1. Pop the C-beta distance of residue B:264 and residue B:286 into the FRET formula with R0 = 22 Å and round what comes out to the nearest 0.05.
2. Using a Förster radius of 45 Å, what is the FRET efficiency between residue A:246 and residue B:14 based on their Cβ-Cβ separation? Nearest 0.05, please.
3. Top to bottom by accessible area (1.4 Å), largest first, where do B:134, B:109, A:18 land?
4. Quantify how strongly other chains surround peptide B:312-319 by giving the mean number of their Cβ atoms within 10 Å of each of its Cβ atoms.
5. What residues from the stretch A:260-277 fall in the zone where the backbone N is under 12 Å from a label point 7 Å along the Cα-to-C-beta line of residue A:132?
6. Can you send over the solvent-accessible area of residue B:278, 1.4 Å probe, protein chains only, in Å² to the nearest 10?
7. Express in whole angstrom the spacing between the alpha-carbon centres of the stretch A:225-275 and the stretch B:40-64.
8. Against the longest principal axis of chain B, how steep is helix B:203-216, in degrees 0 to 90 to the nearest 10, with axes from Cα atoms?
Amino acid sequence: MKVLKTIKLFIGGEFPRSESGRSFPINFHDSEKIYANIAQASRKDLRAAVEAAEVGQKSWGFMTAYNRAQILYRMAEMAEGKRHEFVGLLKDTLGISDKEANKQVDEAIDAFIYYAGFADKFQQMSAAVNPVAGPHHSFTTPDPVGIVALICESHFDFGRLVSNIASVSASGNSLVVVLGPECPAILQPLAEVFATSDLPKGAINLLTGHLKELYPHIGSHMEIRSVSCQNEDTEILYEIKKLGTSNMKRVVPRYENVDSLKAITDFVEFKTVWHPIGT
Amino acid sequence: MPAAQIKVPGGGRITIPHYPVDRVGTTERANSFTKRSIKTESKLDALYLALSMVDLTTLEGSDTPGKVRQLCGKALRPMPPAMVEQIEKEIGKKIRPIPSVAAVCVYPSQIATAAKHLRGTSVELASVATAFPSGQLPADLKLEDVKRAIKLGATEIDMVINRDAFLRGDFQTVFDEVVAVKDICSDEAHLKVILETGELQTYDKIRFASWLSMEAGADFIKTSTGKATENATLANTLVMLQAIQDFYDDRGRMVGMKPAGGIRTAKQAIQYLVMVKETLGNEWLTPQWFRFGASVLLNDLLRQIMKQYTGRYFDNHYFSLD
């Protein structure tokens with residue numbers, strides 16, 4: 001007997017249904033046949049995800065960069081192990097060819113490895129010892145901003161999704177990701193990768209649902225420090241920016257690929273420390 | 001466990017009754033309180049009420065006078081005026097004044113510091129005593145602990161029962177210790193008796209210990225020290241609330257209730273309030289008869305109050321850590 005999948009949310013390392021009990025079906029590409037039922041996150045699920053992210057950030061952000069790099073690399077390994085699942089899912093739900101699906105999975109795995117390598121190196125490229133006029137050492141170093149909400153684009157690309165997640169995560173931010181409407185089913189295998197890579201619970205949380213319902217709460221939530229917005233709807237971007245003024249949220253529109261160092265440093269804060277020169 | 005005969009001061013005996021507690025029924029009923037939906041104005045009322053019932057507590061080896069001073073400031077004025085102003089400006093109207101909490105609860109060594117800041121205010125000063133949290137000291141030293149706490153300015157005493165004696169079945173010793181502490185408290189201090197439910201093992205024993213403490217003169221009964229592996233739960237609080245109700249029906253004396261430890265969120269606090277209302281009624285829904293022993297709960301209550309007014313979820317960073 002074939003069992004229809006119900007794909008749940010990924011919050012705090014667990015797979016809960018939406019607290020609202022709601023779900024929506026998605027179909028196989030160009031078909032009336034149901035592929036899976038997807039949990040439809042409510043504002044309370046978003047709140048729970050942010051609370052989980054707060055806990056997760058305390059572990060993830062305070063790990064050594066080297067340890068974070070190891071975990072990101074582990075994600076690449078786990079994703080490689082799920083290659084057939086990813087490829088099958090992309091083909092079934094997006095209707096893309098085997099070659100294109102494999103290309104996207106390759107890009108996703110490469111992104112994990114790339115940012116694993118970068119996780120303990122970007123600091124050296126972005127930090128500085130500042131020339132100051134006085135008997136002080138002055139250093140500037142990057143710190144993660146905290147909790148970042150990542151709003152996915154409506155046109156799905158697995159490689160870009162992973163690249164965005166890994167780049168924000170590499171510096172120690174925790175993430176609440178709202179997946180786009182085109183391929184929400186990716187949540188399940190992707191969450192399984194995160195759940196089996198020694199990632200601290202809550203460091204990455206994945207939600208599926210209707211963005212129109214969730215974005216006002218993303219914009220107004222005081223705990224979300226920054227938003228990476230890939231969604232092309234300028235009205236949503238405008239509203240998030242407006243609501244985000246309440247806690248000076250950094251809202252970064254991310255419609256195109258950017259330089260990888262910038263992809264990381266857009267979500268860090270630079271901290272400058274002055275230290276007196278001892279005798 | 002059987003009913004017990006206890007000798008009372010001045011001669012005579014009383015019976016501490018034993019009614020077996022239906023474990024399944026208690027658990028089911030306690031779970032039912034987590035299903036209530038309290039929204040909008042009712043929720044705001046509940047949040048304000050819960051806030052006014054908090055015994056803001058710090059019971060750490062690392063407590064310092066500085067930390068206690070800060071805690072007293074927060075107890076008196078839980079939300080900084082600047083934040084109130086900001087909310088009022090944002091929503092364009094005045095908000096209901098945020099009340100002070102009910103009490104500050106500290107170790108005896110910090111009473112003097114807390115007393116300086118709380119004297120003359122509406123906030124009570126509670127001190128744990130009787131060798132909190134274990135209660136493992138000779139009886140005379142425990143009583144000395146209580147006398148000193150009251151002398152230093154404590155207006156409420158949170159004592160622990162002698163679990164060693166209780167678990168050995170020596171209920172007379174437990175009773176006598178509570179009576180002795182109550183004598184010292186007299187009219188000067190309210191007496192809260194901590195059962196440490198996590199160490200009593202069964203609901204039957206929790207109910208029995210509740211009755212024993214109330215017979216001995218407890219003004220409040222309290223679930224736990226916050227130092228055991230299991231602290232307040234809805235179920236063990238429910239058993240104690242029912243004991244309070246039965247004691248009131250039998251003896252005609254109201255006794256207060258204080259769950260402590262593990263109540264960290266406004267949502268949990270509201271569940272407790274619903275349980276009190278549905279078990280004991282509105283008379284107990286005041287800081288005089290119901291308290292929360294908590295510390296981080298206060299921040300979540302403030303967060304939720306701000307959410308109710310502004311519609312925005314707030315960040316812990318807007319509130320002090322302790």
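The values are calculated or read from the model by the stated rules, or taken from the named source; none is laboratory data. Just so it is clear, the structure is predicted and the values come from calculations on it, not from any experiment. Note: ideal-geometry Cβ built from the backbone for every residue, glycine included; neighbour counts use all protein chains shown. Note: accessible area is taken over every heavy atom of the protein model, side chains too, but ligands, DNA and RNA are not part of it. Shrake-Rupley method; radii C 1.70, N 1.55, O 1.52, S 1.80 Å.
1. Details: r = 23 Å, r/R0 = 1.04.
It comes to 0.45.
2. Details: r = 61 Å, r/R0 = 1.35.
Efficiency for this residue pair is about 0.15.
3. Working: B:134 60, B:109 95, A:18 10 Å².
Correct descending sequence by accessible area is B:109, B:134, A:18.
4. Values: counts 10, 11, 6, 10, 4, 6, 3, 0.
The mean count of partner-chain Cβ atoms within 10 Å per residue comes to 6.
5. Within reach of a label on residue A:132: A:272-277.
6. About 80 Å², ignoring ligands and nucleic acids.
7. 36 Å
8. Approximately 80 degrees, to the nearest ten.
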